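What follows is a short report on a single structure.
Taken together, the values in this text are just the output of simple stated rules run on the coordinates, not laboratory data. These figures come from a predicted structure and were not determined experimentally. With ideal geometry, Cβ positions are generated from the backbone for all residues, glycine too; neighbour counts draw on all protein chains shown.
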Amino acid sequence: MPYAATTDHVKLYFEEAGSGTPILFIHEFAADYASWEPQIRYFSRSHRCIVYSARGYTPSDVPDKPDAYSYKHFYSDALAVLDHLKIEAAHLVGLSMGGYSALQVGINTPERALSLTLAGAGSGFEAERLKTFRETCLAHATEMERGGGEEVAKLTGMSPGRIPFLLKDPRGFREFYDALAKHDHQGSAHTMRGFQAGRPPISEFRDEMQKLKVPTLIIVGDEDDGCIEASLFMKANIAPSGLAMFPKTGHVLNQEEPALFNETVERFLALAEAGRWPDRDPRSVRV
């Protein structure tokens, strides 16, 4: 099985398909490398596509130490996969937790990102909700340790932003839910504590985002309440960004609306590669 090693000696399982300009897909909390299958099958016709399971998600390693799951570990792991494959720069496509990590790569090592697709990113953004969000994450981590994979699926898979997927595509949702129930519950608990509860909200990176020059696509579902305000914030502060809102759609964007997701990202990548995704013209900003 192919693995990339991180600087702290964690092995990350990855798969790749296709050839051409590379795309690195970075999954969300309730997913793993396999969740990007609808995108791999589509984009590998024109690009070199790489997917991997984050630390804490088998078949990647599940570190025992809780302090091995900070947001800095997660975005550094994305770079470790690129380094292992000797890829200098790639398009980064991230969902939720993966979107946050992609943004961190763009902020900290922009030379490694040809573009950023930030989908469903920013849960816990609102200042008035941040304390409750973190407390909920910590409580869920404890419940996951006690209840195992089924508890991981129940707490995460049935969260409000995933209900539109359940209603729209029950069969697809069942596949998603069953896969989630097989996650390593200790890895999920560590990730919930270290990454979800421990990461700074996106609002703390306003200055860094205003300096970002990487072409950026922001995608959010109009029924993903926890990410709409954060998406608007990123749009307002990342000059070379565009915002797409999917109607009647929740958090699991790439699986809930795979055709729309692929079409939207494909158009963005084509424009970014052609150098036709510029900064917003200041004249278009209302003052």
I need to check one value: relative contact order of the range 74-225, counting alpha carbon pairs closer than 8 Å and at least 6 residues apart, in percent.
29 percent
Read phi for every residue in the range 98-103 and hand back ³J(HN,Hα) as whole Hz from Karplus 6.51 cos²θ - 1.76 cosθ + 1.60, θ = phi - 60°, with x for Gly and Pro.
x, x, 4, 5, 4, 4
Sticking with the crude label model, points 7 Å out along Cα→Cβ, report the distance from residue 109 to residue 139 in nm, one decimal please.
3.8 nm
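Over 19 Å between Cα atoms, which of 154/182; 72/213; 211/235 qualify? Before the final figure, lay out each step's value.
Numbers: 154/182 12 Å; 72/213 21 Å; 211/235 13 Å.
In this structure, 72/213 lie more than 19 Å apart at Cα.
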With a ≥ b ≥ c the root eigenvalues of the C-alpha gyration tensor of the range 138-206, is it rounded (a/c under 1.5), prolate (a/b larger than b/c) or oblate?
oblate
Relative contact order %, the chain, counting alpha carbon pairs below 8 Å whose residues are six or more apart:
19 percent
What whole number of Å gives the distance from the Cα centroid of the range 249-287 to the Cα centroid of the range 27-46?
18 Å
Under a 10 Å cutoff between Cα atoms, tell me which one of 19, 203, 44 has the largest fluctuation in the Gaussian network model of the chain.
19
Could you let me know the centre-to-centre spacing of the range 5-25 and the range 190-225, using Cα atoms, in angstrom?
22 Å
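How big is the charge dipole of the chain about its Cα centre, in debye rounded to the nearest 20, if each Lys and Arg gets +1 on its Cβ and each Asp and Glu gets -1 on its Cβ?
540 debye
Under the rule a/c < 1.5 gives rounded, and otherwise a/b versus b/c splits prolate from oblate, where does the chain land using the Cα gyration tensor? List each step's numbers first, then the result.
Values: a/c = 1.36, a/b = 1.20, b/c = 1.13.
Judged from the Cα gyration tensor, the chain comes out rounded (a/c under 1.5).
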Taking a spot 7 Å from the Cα of residue 41 along the direction of its beta carbon, which residues of the range 239-257 have an amide N less than 19 Å from it?
252-257
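If you count the DSSP beta bridges with both ends in the chain, what percent of them are antiparallel, to the nearest 5?
Values: 7 of 31 bridges.
Restricted to the chain, the bridges split so that about 25 percent are antiparallel.
I'd like the chymotrypsin sites (Phe, Trp or Tyr not before Pro) in the range 198-279 restricted to DSSP loop residues with at most 10 other Cβ atoms within 10 Å, sorted by number. Show your work: numbers first, answer last.
On the way: sites: 205, 233, 261, 268; in loops: none.
Taking the range 198-279 and a limit of 10 other Cβ atoms within 10 Å, no loop chymotrypsin sites (Phe, Trp or Tyr not before Pro) are found.
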